[in-house]
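Participant: Encoded as structure tokens, here's the structure I'll be asking about.
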Amino acid sequence: MCGIVGYIGKRDAYPIIIKGLKRLEYRGYDSAGVALLNGGLKVYKKKGKVAELESHVGGSDISSNIGIGHTRWATHGEPNDINAHPHSSSDGKLAIIHNGIIENYQSLKTELEQKGYKFKSETDSEVIILLIEEIKKRNNCNLDEAVRLALNEVVGAYAILILSSDDDKQLIAARKGSPLVIGIGNGEFFVASDATPIIEYTNNVVYLDDYEIAVIRDGELNIKSIEDVPKTPFIHHLEMELESIEKGGFSHFMLKEIHEQPKSIRDCLRGRLIAKDNHLNLNGMYQYMNKFLNTDRVIFVACGTSWHAGLVAEYLFEDIARINVEVEYASEFRYRNPVIRENDVVVAISQSGETADTLAAIDLAKSKGATIFGVCNVVGSSISRASHAGAYIHAGPEIGVASTKAFTGQVTVLAMMAIILGLKKGTLSESRYRELLFELDSIPDKIQKILENTEPVKRIAETFQFAKNFLYLGRGYNFPVALEGALKLKEISYIHAEGYPAAEMKHGPIALIDEDMPVVFIATKDSSYEKIISNIQEVKARKGKVIAIVTEGEKDIHNMAEYVVEIPKTEDCLQPLLSVIPLQLLSYYVAIHRGCNVDQPRNLAKSVTVE
Ligand code: F6R
């Protein structure tokens, strides 16, 4: 949440910052701003998207070799020009941009007000820069020391960048709980919330850790802790390609990412699954295999779509590996005083690897002695680094705010984990293991087949674009898919939608059904097939409009449903990987008909780094 970019070097900072902010706009797009040093501190900020900031800057003199920029997702204070970042010190010499939340901002603000400081904005962020100003004056110290002392007083989460007009050769960065990556160029440095604004300039990056301050000065990077202990930067080499963060001819990132799924799943399986050799291997699991084999239960913690993948994992782990599973919303788990035992294995699922609640949930579980296994997409992210072990999903950057390829990547990794454990525990026979490997291997081609015929979904989207509500129903492995389909529709088309286990319908939601209610049944030919046919009849009897996702070649539902989308046959346990695809497409095309901004839906942001 909130994107931040900084540059210091020999090039013109402004175009680098603006391009970087556009790449980070998926993290927030309420307002944007930049601060540059150009014969003094110049701050430009504007409500709205980065494009509006550019118009606001217009023909101003923006030449500078150092600058910071921000694209905001509002927490404290409504999105307007004043609350937009950067925020300046009262003497106008310092500027800050901030991603995160300062929890004790009210008490710090009161203290500063008592000392005569006047606040211009309603943000928690302004408190940090005024506190730094106050400490610098009080102690007559360097800026980096004032930053360090101020951060010792601040409670909460932050990734900050600071500039001072007293020194146009220095950029200061610090983080706790919100991500920050420093790109190391040739005598130049790029700082950003994630690597996407950086990779076109350099693949060498340093991930700042919590409680670390980076001082970049005269072409040198020095890192120290907020206890003033020097740290040695560790340089990672990123493999990310520039094309992976561009739209590549698609009208939206979401559509590109939906269509990328055959490739992203192949990338996820590459080197791990070789079906003809009976080979399935997840390196990250091996060191902790005994923990997985000896635990009484595995707890999955996640939020949103990743939580839906966790629900699929519940079915997979119980069914294939006969392991007890709990699936927890990270935000509830962390505050519930949950019973966590030393032999518990906690699997954290997160696309971004930065979700604040998931991170806090694993910190809690770790403090109780549990083993943490991360299933993340973003390499080097906070959750992946806080985990004892893990497996990346290798989906490549996911930029559309609505998660698509991350979900299928997560389910792919979770299926591999369950299959490996099933074989090791002897709950899966050799022959069944072999069948599942071949079937998993065929999933990318089957998704490709679905994506080659999107016409039926497009027709349904056109028909129901004005619907006020949608119901999504599924059973067994398709129940989490029903939840995911409903979430996708809600978040990008703003149509109210609910997902339900189909059999639960008669315990309440059936009251909603009338001739205006589209009901999406995920009714593939699996072990719940007969049962779901009865549920379809119940909806038809009440004049609901039935849209069914069915297995190709099936006849019965064709005769019952008004609208049918066929998908290839697969094993029950891999069904979510196929059945979710038409639902992703449905939400996309409905949103397009309604004129919604699918990549940047209102109120949302990718990577929820605040709780
Ligand atoms: C929905 C969506 C969110 C995320 C959730 C968790 O399309 O993207 O529900 O799934 O915010 O994010 P991660 O997976 O990054 O922890």
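Participant: Binned at 10 Å from 0, what are the whole-percent values of the Cα-Cα distance distribution for the stretch 233-364, short to long?
Facilitator: Taking every Cα pair in the stretch 233-364, the percentages come to 10, 29, 36, 21, 4.
Participant: Need one word for the stretch 152-207: rounded, prolate or oblate. Basis is the Cα gyration tensor (sqrt eigenvalues a ≥ b ≥ c); a/c below 1.5 gives rounded, then a/b vs b/c decides.
Facilitator: Because a/c hits 1.5 or more and a/b fails to exceed b/c, the stretch 152-207 counts as oblate.
Participant: How would you classify the stretch 247-452 from its alpha-carbon gyration tensor, with a ≥ b ≥ c the square roots of the eigenvalues: rounded for a/c under 1.5, else prolate if a/b is greater than b/c, otherwise oblate?
Facilitator: Here the stretch 247-452 falls in the oblate category.
Participant: Note down the net charge around SER64, summing +1 for each Lys or Arg and -1 for each Asp or Glu among other residues with Cβ under 14 Å from its Cβ.
Facilitator: Here the count lands on -1.
Participant: If each DSSP helix of 4+ residues adds -39,500 (n - 2.57) and the sum is divided by the residues in the chain, what number results at 222 nm, nearest 500 deg cm²/dmol?
Facilitator: Roughly -11000 deg cm²/dmol at 222 nm, from the helical runs in the chain.
Participant: About its Cα centre, how strong a charge dipole does the chain have in debye, to the nearest 20, once Lys and Arg get +1 and Asp and Glu get -1 at the Cβ?
Facilitator: 220
Participant: Counting alpha carbon pairs within less than 8 Å and at least 6 residues apart, what relative contact order, in whole percent, applies to the stretch 3-243?
Facilitator: 19
Participant: By the scheme Lys and Arg +1, Asp and Glu -1, what is the net charge of all other residues having a beta-carbon under 11 Å from that of ALA321?
Facilitator: That works out to +1.
Participant: In addition: Strictly greater than 22 Å: what percent of every Cα pair in the stretch 384-460 meets that?
Facilitator: Beyond 22 Å sits 43 percent of the P(r) for the stretch 384-460.
Participant: Next up: State whether the stretch 49-97 is rounded, prolate or oblate according to the following rule on the C-alpha gyration tensor (a ≥ b ≥ c being the square roots of its eigenvalues): a/c under 1.5 gives rounded; otherwise a/b larger than b/c gives prolate, and the remaining case gives oblate.
Facilitator: Oblate, since a/c reaches 1.5 and b/c is not below a/b.
Participant: Check each of the trypsin sites (Lys or Arg not before Pro) in the stretch 105-166 and keep only those in coil by DSSP with at most 15 other C-beta atoms within 10 angstrom; list them in order.
Facilitator: When the trypsin sites (Lys or Arg not before Pro) of the stretch 105-166 are filtered for loop state and at most 15 Cβ neighbours within 10 Å, LYS115, LYS118, LYS120 remain.
Participant: To continue, here is another question. Provide the per residue accessible area, probe 1.4 Å, for the chain, rounded to a whole number of square angstrom.
Facilitator: For the chain, the solvent-accessible area averages 37 Å² per residue.
Participant: Follow-up. Take the stretch 454-601, drop everything but the C-alpha atoms, weight them equally and run the Debye formula without solvent; then report log10 I(q)/I(0) at 0.19, 0.20, 0.21 Å⁻¹ to two decimals.
Facilitator: Rounded to two decimals, the profile gives -1.10, -1.23, -1.36.
Participant: With a 1.4 Å probe and all protein chains kept in place, how much accessible area does LYS93 have, in Å² rounded to the nearest 10?
Facilitator: Ignoring ligands and nucleic acids, LYS93 comes out at about 80 Å².
Participant: Mind checking which lysines have their C-alpha under 28 Å from LYS540, skipping anything on the same chain fewer than 8 residues away?
Facilitator: Result set, ordered by chain and number: LYS458, LYS468, LYS488, LYS490, LYS506, LYS525, LYS531, LYS555, LYS569.
Participant: Report the percentage of all Cα-Cα pairs in the stretch 478-529 whose separation exceeds 17 Å, rounded to a whole percent. Present the calculation step by step, with values, prior to reporting the outcome.
Facilitator: Values: 524 of 1326 pairs.
For the stretch 478-529, the fraction of Cα-Cα distances above 17 Å is 40 percent.
Participant: For a 27 Å ceiling on Cα separation, which of these pairs sit above it: LYS19/LYS176; LYS42/LYS256; LYS46/LYS93; LYS22/LYS224?
Facilitator: Distance filter (> 27 Å) returns LYS42/LYS256; LYS22/LYS224.
Participant: So what is the relative contact order of the stretch 247-452, in percent, for Cα pairs below 8 Å that sit 6 or more residues apart?
Facilitator: Computed value for the stretch 247-452: 29 percent relative contact order.
Participant: Could I ask something else about it? Sorted by mean Cβ packing within 10 Å, highest first, what order do the peptides 121-132, 150-161, 189-200 take?
Facilitator: The packing order, highest mean first, is 189-200, 121-132, 150-161.
Participant: What percent do you get for the relative contact order of the chain when only Cα pairs under 8 Å and 6+ apart count?
Facilitator: Values: 1388 pairs, mean separation 70.7, N = 611.
Relative contact order here is 12 percent.
Participant: Would you be so kind as to identify which of ALA415, SER367, MET285 lies farthest towards the positive end of the dipole of the stretch 247-452, taking Lys and Arg as +1 and Asp and Glu as -1 on Cβ and the Cα centre as origin?
Facilitator: It is MET285.
Participant: Over the alpha carbons of the chain, what is the largest minus smallest coordinate on each principal axis, giving the biggest first in Å?
Facilitator: Ordered largest first, the chain gives principal extents of 78, 53, 43 Å.
Participant: May I ask for the net charge around ILE274, where only other residues with Cβ less than 13 Å from the Cβ of ILE274 are counted and Lys, Arg are +1 while Asp, Glu are -1?
Facilitator: Charge balance near ILE274 sits at +3.
Participant: Hand me the trypsin sites (Lys or Arg not before Pro) from the stretch 328-415 located in a DSSP loop with no more than 14 other Cβ atoms within 10 Å, in residue order please. Provide the component values of the computation, followed by the final result.
Facilitator: On the way: sites: ARG334, ARG336, ARG341, LYS366, LYS368, ARG385, LYS405; in loops: ARG334, ARG336, ARG341, LYS368.
Counting only loop positions with at most 14 other Cβ atoms within 10 Å, the trypsin sites (Lys or Arg not before Pro) in the stretch 328-415 are ARG336, ARG341, LYS368.
Participant: Counting only protein heavy atoms, what percent of the accessible surface of the chain is carbon or sulfur at a 1.4 Å probe?
Facilitator: Carbon and sulfur: 47 percent of the exposed surface of the chain.
Participant: What does the stretch 3-243 give for Rg and for Dmax, in Å, if only its C-alpha atoms count?
Facilitator: 16.3, 52
The values are calculated or read from the model by the stated rules, or taken from the named source; none is laboratory data. Owing to the predicted nature of the structure, the values given are computational and were not obtained by experimental measurement. Note that each Cβ is placed from the backbone with ideal geometry, even for glycine, and that neighbours are counted across all protein chains shown. Accessible surface is based on the protein model in full, side chains and every heavy atom, while ligands, DNA and RNA are left aside. Shrake-Rupley method; radii C 1.70, N 1.55, O 1.52, S 1.80 Å.
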